[in-house]
Amino acid sequence: MFTNNQSVFLSDNVPMEEGIELAAQLAPSGARHESEGQLSIDVAQTAEELIIVATMAGATPDKVELHLHNDVLTIRGERATPIPNGAEHFYEECYWGKFSRTIVLPTDVAPEFAKAEYRNGVLTVRLPKKQADNKIPIFVVEE
């Protein structure tokens with residue numbers, strides 16, 4: 001489950017500070033790119049929830065981590081190339097290596113009810129919207 005100020009991972013339960021260090025160490029020895037790639041995402045909403053979808057073909061769940069802090073969601077991970085080092089490329093268009101994406105959520109969410117699923121290379125994060133109680137009690141004071 002997500003909670004405010006708590007890191008959430010698809011694999012290990014590691015605090016955020018250690019998770020950031022771990023993410024820096026995730027680059028495979030045969031990484032094709034030195035810099036970190038930006039993850040493409042879709043963000044949508046229904047009346048009840050925010051839905052974040054990210055395609056991460058080639059990433060394994062143990063290399064993917066999610067952090068939710070207040071209204072900021074960060075997705076980090078790594079995908080390793082199946083092509084061996086030293087192979088001759090005719091085309092090299094796919095990004096391999098570390099990637100991340102940080103977004104500011106467009107509405108308040110209830111992190112304790114968050115769900116994440118990673119299936120067939122697609123990560124789907126569902127964040128229920130926080131229900132605002134618009135009723136403000138007014139107390140009448142007699143003088």
| request: Could you list, in sequence order, all residues of region 120-143 that are assigned to a strand (DSSP E or B) and not hydrophobic (A, V, I, L, M, F, W, C)? | output: Thr124, Arg126, Pro128, Lys129
| task | Answer yes or no: is there a residue in region 106-119 that is touching a strand residue (DSSP E or B) at 6+ places or on another chain (Cβ under 9 Å), in a strand (DSSP E or B) and polar (S, T, N, Q). | result | no
| task | Among the numbered conditions (1) at pLDDT below 95; (2) in contact with an Asp or Glu (Cβ under 8 Å, 6 or more places away or on another chain); (3) of a type in the set (A, V, I, L, M); (4) surrounded by 17 or more Cβ atoms within 10 Å (Cβ to Cβ), tell me where Ala27 comes up short. | result | (4)
| All positions within region 98-109 that are among the hydroxyl-bearing types (Ser, Thr, Tyr) and surrounded by 13 or more Cβ atoms within 10 Å (Cβ to Cβ) | Ser100, Thr102
| task | Report the residue count in region 119-139 for those that are over 24 Å from Thr74 (Cα atoms) and among the small types (Gly, Ala, Ser). | result | 1
| request: Please state which one of Val104, Val53 is more than 13 Å from Leu123 (Cβ to Cβ) and at pLDDT 95 or above. | output: Val104
| query | Quick one: which of Thr74, Thr55 is among the β-branched types (Val, Ile, Thr) and either touching a Phe, Trp or Tyr at 6+ places or on another chain (Cβ under 7 Å) or within 25 Å of Lys130 (Cα to Cα) (or both)? | reply | Thr74
| task | Would you mind stating whether Val122 is hydrophobic (A, V, I, L, M, F, W, C) and either surrounded by 13 or more Cβ atoms within 10 Å (Cβ to Cβ) or within 21 Å of Ser35 (Cα to Cα) (or both)? | result | no
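The values are calculated or read from the model by the stated rules, or taken from the named source; none is laboratory data. Just so you know, these numbers come straight off a predicted model, no measurement behind them. Cβ: placed from backbone, ideal geometry, glycine included. Neighbour counts: every protein chain shown.
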